[in-house]
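Read the structure below first, then the notes.
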Amino acid sequence: MRIETLRLNNLAVALVTSEEILINDVQSALDLMATVRYETGCNHVILYKSEICEDFFNLSTKIAGEILQKFVNYHMKVAICGDFSSYKSKSLKDFIYESNKGNNVFFLDNERQAIEKFVFINTTI
């Protein structure tokens, strides 16, 4: 796992990259949040879809809700980047749509969009 701190407009964002799945369950998400906060001090994090277990994207497992609630509870904004078009679930598409309308959790195509979203959210709150 590699954590890089990106800075733009007085905003620090942790970009996490890994060849391995980093989030399998709530505990691994909490561990990742603690590592990011300890190593970077950031409360904005960008992850890639490939770093999260596939069960996360099956809403019937409830893993996504549990994990994302931890990000919100610990005041860490998260952008998950990747191509979500392969998922056919209407409930997942609705979940992504509603998440992207909020201020804490985003599902975006790439890190550039994630940074732009974080900067926008940070300047409007």
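Just so you know, all these numbers are worked out from the coordinates, no wet-lab data involved. These numbers come from a predicted model, not from an experiment. Note: ideal-geometry Cβ built from the backbone for every residue, glycine included; neighbour counts use all protein chains shown.
Report, in deg cm²/dmol and to the nearest 500, the calculated mean residue ellipticity at 222 nm for the chain, where each DSSP H run with n ≥ 4 adds -39500 (n - 2.57) and the sum is divided by the residue count.
After summing the helix terms and dividing by residue count, I get -13000 deg cm²/dmol.
Tell me which residues come under 5 Å, amide H to amide H, from L22 once H is placed; ignore anything under 5 positions away on its chain.
Sorted by chain and number, the residues that satisfy this are I52.
Among G102, L11, Q69, whose Cα projects farthest towards the positive end of the dipole of the chain, with charges put on the beta-carbon of Lys, Arg (+1) and Asp, Glu (-1)?
My answer, from the dipole projection, is G102.
Could you compute the longest span of the chain free of GluC sites (Glu not before Pro) located in DSSP loops and having at most 15 other Cβ atoms within 10 Å, not counting the site residues?
Longest run free of exposed loop sites: 21-125.
For a quick check of your reading of the filter: which trypsin sites (Lys or Arg not before Pro) in segment 64-125 sit in a DSSP loop and have no more than 12 other Cβ atoms within 10 Å?
Of the trypsin sites (Lys or Arg not before Pro), the ones in loops of segment 64-125 whose Cβ has at most 12 other Cβ atoms within 10 Å are K88.
Under 5 Å between amide H atoms, partner at least 5 residues away or on a different chain: which partners does F107 have, H built in plane at 1.01 Å?
Here I80, N100 satisfy the definition.
Between beta-carbons, use under 15 Å as the cut-off and find the net charge around V16, counting Lys and Arg +1, Asp and Glu -1.
-3
Within a Cβ distance under 14 Å of M33, other residues only, what is the Lys/Arg minus Asp/Glu net charge?
Taking every other residue near M33 into account, the sum is -2.
Which value, to two decimals, describes the C-alpha radius of gyration of the chain once divided by 2.2 N^0.38 Å?
0.98
Under the definition of Cα pairs under 8 Å and six or more residues apart, what whole-number percent is the relative contact order of the chain? Could the numbers behind the result be given before it?
Details: 176 pairs, mean separation 27.6, N = 125.
About 22 percent, as a whole number.
How much length would be gained if the chain were fully extended between S60 and F120, taking 0.36 nm per residue of separation minus their Cα-Cα distance, in nm to one decimal?
Using 0.36 nm per residue and subtracting the Cα-Cα distance, I get 18.4 nm.
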